[in-house]
């Protein structure tokens, strides 16, 4: 149990958090528990300031985790305050990577007897963060299509969105550098660049099957599968985590990643970003902590 109690932070606008789920979590958490609902920008920082001694517990998905981590970083408290997670989003990819139960009751129970696990963080060149994964190119288009489908299809929305995006995309001419070394030269079209701190995106799609969120390195996956048949085959193998076996897929690991070239959209932890001609990320090792089950 947290020595000074828990601060349960929910974001109803993100979906997945209902009163039944909230009540279930509160039943399982012992000790002094405060709750807070995010309604507008800045709410999370105010909640953290009002409860400085409590352990923040995210009631939601990767997007809400992202927002809480960003708020703790802005307050200079990221290294000092561990985070609890009760996954209630549509993807919950970070929870999957950390072995946190997807059942809310089990996840809440694990918080009292859990242990702290130190994780890396990706920080971009504008001060933004990535806790799980960022993907540039067709993956971001897939997420755009999935947004409208989420209320109806839930976890399947990303798979359907990926299918639609894959049919339409012709790829982008991009230059990718990892730790200063060129991986692509910009002459060949790229379907997607994935940068994984965690393993999966979209509710279990293994973007970076061998990634570890605490090894100090990002796993970079680059796909050249831009022809119609190649896109289809790549999508099938991506769902199975076997895409690195393809000859038109390059994987590399490193601490600094730069993507530049034609304007291309990106998705970081489920947050969509408009097309840009350059983006860069650096791994900040052992930057934050999450409470995970003892046996995970």
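The values are calculated or read from the model by the stated rules, or taken from the named source; none is laboratory data. All values reported here derive from a predicted model rather than from experimental measurement. Here the Cβ positions follow ideal geometry from the backbone for every residue, glycine too, while neighbour counts run over all protein chains shown.
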Considering each of 261, 216 in turn, give the residue that is within 18 Å of residue 180 (Cβ to Cβ), touching a residue at least 60 places away in the same chain (Cβ under 8 Å), assigned to a loop (DSSP other than H, G, I, E, B) and in the same structural domain as residue 176 (by TED's automatic domain parsing).
216
Report the residue count in region 173-208 for those that are under 19 Å from residue 269 (Cβ atoms) and more than 14 Å from the chain's Cα centre (by Cα).
2
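Residues are listed down the side, and each one gets a yes or a no for (1) modelled with pLDDT under 80; (2) surrounded by 16 or more Cβ atoms within 10 Å (Cβ to Cβ); (3) in contact with a helix residue (DSSP H, G or I) (Cβ under 6 Å, 6 or more places away or on another chain); (4) farther than 16 Å from residue 110 by Cα:
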position: 5; (1), (2), (3), (4): no, yes, no, no
position: 11; (1), (2), (3), (4): yes, yes, yes, yes
position: 16; (1), (2), (3), (4): yes, yes, no, yes
position: 25; (1), (2), (3), (4): no, yes, yes, no
position: 30; (1), (2), (3), (4): yes, no, yes, no
position: 34; (1), (2), (3), (4): no, no, no, yes
position: 40; (1), (2), (3), (4): no, no, no, yes
position: 45; (1), (2), (3), (4): no, yes, yes, yes
Return the total of residues in region 267-285 being within 18 Å of the chain's Cα centre (by Cα) and modelled with pLDDT of 95 or more.
7
Just one of (1) part of a loop (DSSP other than H, G, I, E, B); (2) closer than 21 Å to residue 5 by Cα trips up residue 84, so point out which.
(1)
Is it the case that residue 286 is more than 16 Å from residue 140 (Cα to Cα) and part of a loop (DSSP other than H, G, I, E, B)?
no
Does residue 78 qualify as being in a loop (DSSP other than H, G, I, E, B), touching a residue at least 40 places away in the same chain (Cβ under 8 Å), closer than 15 Å to residue 55 by Cβ and not assigned by TED's automatic domain parsing to the domain that holds residue 206?
yes
Of all residues in region 113-128, count the ones that are in contact (Cβ under 8 Å) with a residue 24 or more places away in the chain and over 14 Å from residue 285 (Cβ atoms).
7
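For (1) part of a strand (DSSP E or B); (2) under 17 Å from the mean Cα position of the chain (by Cα); (3) modelled with pLDDT of 80 or more, each residue gets a yes or a no:
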{"position": "100", "(1), (2), (3)": "no, yes, yes"}
{"position": "108", "(1), (2), (3)": "no, no, yes"}
{"position": "123", "(1), (2), (3)": "yes, yes, yes"}
{"position": "145", "(1), (2), (3)": "no, no, no"}
{"position": "152", "(1), (2), (3)": "no, no, no"}
Name the residues in region 96-106 that are in contact (Cβ under 8 Å) with a residue 24 or more places away in the chain and on the phi < 0 side of the Ramachandran plot, would you?
96, 97, 98, 100, 101, 104, 105
Pick from 234, 273: which is more than 29 Å from residue 79 (Cβ to Cβ) and touching a residue at least 12 places away in the same chain (Cβ under 8 Å)?
234
Scan (1) modelled with pLDDT of 95 or more; (2) surrounded by fewer than 21 Cβ atoms within 10 Å (Cβ to Cβ) for the single condition residue 240 breaks and write down its number.
(1)
Among the residues of region 54-64, what is the count of those that are farther than 14 Å from residue 35 by Cα and either part of a loop (DSSP other than H, G, I, E, B) or modelled with pLDDT of 95 or more (or both)?
1
Within region 176-194, considering residues that are part of a strand (DSSP E or B) and touching a helix residue (DSSP H, G or I) at 6+ places or on another chain (Cβ under 7 Å), the one surrounded by the fewest Cβ atoms within 10 Å (Cβ to Cβ):
194
